[in-house]
Amino acid sequence: MAPRAPARPLPNDPKRHHADFIQRFTQQESERRIAKRPKALTAAQYAALRNTKAVIKRADRAMAMDFLLYLCEVYRIKSWGTSWEYFRQYKQLYASVTGCYMDRNDSREVLKWHDATLVPLFDLQAPNSGGKDVADSGELLAVQTYNIAYDTSIFSWERHRINLSGCYLGLACTGARPAEFVDGEKKSPKDGCLEELFGLKAIEGSSAGKDEDCALDDDSRVLEEILSHETVGRGRPKCLYYEDILLMVVRHPDTGEDALAMSIKFIHHKGADNKPKPTVFFFTLTRRLIFCLITVIVSLAVHDGAFAAPSLTSVSRVFQVKNRGPVKCTPLRWKKEWLKRPVFHRFDGSIISANEPPPYEPVPYHQLRDDMARQSLEYGCERPIEPKAWRRGAANAANGNASDTIRDQMIRHDPKWATLNSVYINEKPTEDSLIGMLSHIGLMRDPRARKDMVPDEVWAEMPPDPEILALEAERAELKGGQYRITGTENEDRIRELTKLIAKKRAKRAKNIRREYREDYFHHRPTWDIEGQANGEEEQEYVEPAVVLRVPERAELAQILCKQPEGLSSTALLALRIRAGELMSILCGKRETVKRERIRQRAPADVMVKEESPGPDTFPLLMQRTQCPRYIGDESLSYEERTFQYCRPAVMNDHFDRAHARHMGDAKQIVCSHSKCKGEALKFEHLGHFKNYVEKT
């Protein structure tokens, strides 16, 4: 009788887990043996590092004054607190390099010169002269509603809209600084001034005429590598990564039911390099879905495929996980490759090659700040909401409702400095509900206001700017009636004038929009009072309708913004799962600027499509006016995929502008058309792909 073959181990067999652990342990052990410590610097390299400190050691009062004057002339500094903070950092750099403090007499003289000369010369205002805005839950609901349902802006991908929603909830619930969620590290300037002052060319120029040019060049390269270790050695930028989040299924101690919970560990707070104060925040599911941060994180993780368990491929499966056996907590682990990737990441451009993974770059701080300011102005705030408003709101909400110790731990403040009372506390007392409403930023919100609310009549009647007219006259005189200026004598000056005119026009238009908005908020109460006194009929305000082209976003807006009250736990869970699935699907959708053209061509009674057409509606033989990349892009709507340009030449210009550069840089190109995906067609270069499109 033949021996029986051994049974194959089950997927969850403990013996299989043991084998996997042994394999991982041996691999890590071998990697630790292979890893080597970096080589120590040589004596010549240490000498080159010490030479860079000589300039700082020679710093005196005149250099400090030149430093402050340069900052005020070049950069947009509006507060004297900001300029003086730069001088404090200047003194800290001097002390850290020289080992002694800056002369006190020199510091006093610089302070006198700063207050007597720089402040009136550049019209520097007092810190926080405009007041301290404090946001509350009402503002969070307003900005969340506008972001999901009413925002008409076009992002590169709709994932950024979900990223904004998660950042808003995280900032409002934790009071953390935005740099703990997104990438807030300063980038090198693009004008080349850093390379000009501190680059290799500057070092070579300063060492010209010496016999040791080559040695100095080598030392400068070593110094550059040493300075780059601060960011490269850390392995990741300072923002929220998947390894900072722990999703878990916990058993409720009273009801015994299993529920999803989450903890976030913030480690990149202000001053973390000198005095780390890691803080862990715990989150549970909320009954109001628009305020649920766990649902947002789960939808992002499902879209990224970040869960280590192969079965967790949908939002419903994540919410259906239960504890088994005597355990009271089941953590949901992340894949190893996703631990060092940001949660709120961005991706610009379309997928060109299946073999090249997209770069997972964190959302930069300036993008979060600008989008938050724009959306707050669009839904009617008098002033743009800044990220600090959420931090002040969380700090003031915790003040009085929690002990001072818990409050300072939450905000990461040292109790002996009383930072809350000096900086973050609300300027307006909040003893009762009425005064509490008056003390927040949303008091003067007007839903009728928009960021760009200048009527066409104002633009038409606005007189031209004399400076712009003078520049245009000079440009017209230099051109001499000629259209083409390439190779002419005045080409450089004409191009310089063109850039200057465009810059001044944009700045003037921005000032007109800002001042018209300020004028509206200043005079609107007077207009309403006078209209009431004159017996004028009040104009009824009609809430704008939710008109969205992406069906998943339209359904998500209906769920989050019009959630019914009094739902049972089962119905609420089903609605939560559906909202999370829509968020995950929406992350892979996007819109383009052709959306506005489609709206103009469509009849007035066309509403949002309930479902996308089937794959048979995209024939392989396209029109010459259709884009070969967009027709196979499933992230776009049906109208945008089948959009036809007016002429083939216009379509070719669009293809060269939007796709040719990315496809030309790709090592391998794939055809995204639905009829070509099963054939695994791959092209070596852009010409190969264009030839295939023309023949088919």
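Looking only at the stretch 568-579, filter to residues that are surrounded by 15 or more Cβ atoms within 10 Å (Cβ to Cβ) and more than 10 Å from residue 288 (Cα to Cα); which one of those is farthest from the chain's Cα centre (by Cα)? Only one residue tops the list, namely 573. Total residues in the stretch 455-503 satisfying the condition of being open to solvent by less than 70 Å² (accessible area, probe 1.4 Å) and among the basic types (Lys, Arg): the figure is 2. For residue 374, the conditions (1) surrounded by fewer than 17 Cβ atoms within 10 Å (Cβ to Cβ); (2) farther than 25 Å from residue 129 by Cβ; (3) modelled with pLDDT of 85 or more are fulfilled apart from (2).
Inside the stretch 89-104, can you point out the residues that are open to solvent by 80 Å² or more (accessible area, probe 1.4 Å), without any contact (Cβ under 8 Å) to a residue 24 or more places away in the chain and in a helix (DSSP H, G or I)? Hits for the stretch 89-104 are 89, 92, 96, 104. Scanning the stretch 377-388 for residues that are in a loop (DSSP other than H, G, I, E, B) and either hydroxyl-bearing (Ser, Thr, Tyr) or open to solvent by 70 Å² or more (accessible area, probe 1.4 Å) (or both) returns 379, 382, 383, 386. Of all residues in the stretch 264-288, exactly one satisfies the criterion of being of a type in the set (A, V, I, L, M), under 30 Å from residue 574 (Cβ atoms) and within 24 Å of the chain's Cα centre (by Cα), namely 264. For the stretch 255-275, the set of residues classified as closer than 17 Å to residue 327 by Cα and either assigned to a loop (DSSP other than H, G, I, E, B) or acidic (Asp, Glu) (or both) consists of 255, 256, 257, 258, listed by residue number.
Under the condition of being open to solvent by 10 Å² or more (accessible area, probe 1.4 Å) and in a strand (DSSP E or B), which residue from the stretch 283-312 is nearest to residue 338 (Cα to Cα)? Taking the candidates together, the pick is 283.
So, in the stretch 56-110, of the ones that are aromatic (Phe, Trp, Tyr) and under 21 Å from residue 122 (Cβ atoms), which residue ends up nearest to the chain's Cα centre (by Cα)?
75
Of all residues in the stretch 514-532, those that are open to solvent by less than 70 Å² (accessible area, probe 1.4 Å) have Cβ atoms under 6 Å from Cβ atoms of residues that are of a type in the set (Asp, Glu) and modelled with pLDDT under 90, 6 or more apart or on another chain, in 521/382. Taken together, the residues in the stretch 242-272 that are modelled with pLDDT of 90 or more, within 25 Å of residue 359 (Cβ to Cβ), open to solvent by 10 Å² or more (accessible area, probe 1.4 Å) and of a type outside the set (D, E, K, R) amount to 0.
Quick grid of which residues meet (1) under 26 Å from the mean Cα position of the chain (by Cα); (2) modelled with pLDDT under 75; (3) under 30 Å from residue 517 (Cα atoms); (4) not in a loop (DSSP other than H, G, I, E, B):
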site	(1), (2), (3), (4)
390	yes, no, yes, yes
413	yes, yes, no, no
416	no, yes, no, yes
421	no, yes, no, yes
436	no, yes, yes, yes
467	no, no, yes, yes
470	no, no, yes, yes
473	no, no, no, yes
477	no, no, no, yes
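Among residues of the stretch 530-586 being outside any helix (DSSP H, G or I) and of a type in the set (S, T, N, Q), the one that is nearest to residue 165 (Cα to Cα) is 563.
Just for the stretch 148-157: of the residues that are over 13 Å from the mean Cα position of the chain (by Cα), surrounded by fewer than 22 Cβ atoms within 10 Å (Cβ to Cβ) and not aromatic (Phe, Trp, Tyr), which one is nearest to residue 635 (Cα to Cα)? Ranking the qualifying residues of the stretch 148-157, first place goes to 154. Apart from one condition, residue 167 fits all of (1) open to solvent by 20 Å² or more (accessible area, probe 1.4 Å); (2) more than 13 Å from residue 375 (Cα to Cα); the exception is (1).
Picking from residues in the stretch 105-132 that are open to solvent by 60 Å² or more (accessible area, probe 1.4 Å) and small (Gly, Ala, Ser), the one that is modelled with the highest pLDDT is 116.
Filter the stretch 533-553 for residues that are open to solvent by less than 100 Å² (accessible area, probe 1.4 Å) and among the β-branched types (Val, Ile, Thr); which is nearest to residue 638 (Cα to Cα)? Filtering first and then ranking leaves 550. Among the residues of the stretch 632-642, not a single one is modelled with pLDDT of 90 or more, open to solvent by 40 Å² or more (accessible area, probe 1.4 Å) and either more than 32 Å from the chain's Cα centre (by Cα) or closer than 28 Å to residue 547 by Cβ (or both).
Check 303, 366 and return the single one that is touching a Cys at 6+ places or on another chain (Cβ under 6 Å) and modelled with pLDDT of 85 or more. It is 303.
The values are calculated or read from the model by the stated rules, or taken from the named source; none is laboratory data. This one's a predicted model, so the numbers in the text were calculated from it and none came from an experiment. As a convention, Cβ positions derive from the backbone with ideal geometry for all residues, glycine included, and neighbour counts pool all protein chains shown. Protein only, heavy atoms only, side chains kept; ligands, DNA and RNA dropped before computing areas. Shrake-Rupley method; radii C 1.70, N 1.55, O 1.52, S 1.80 Å.
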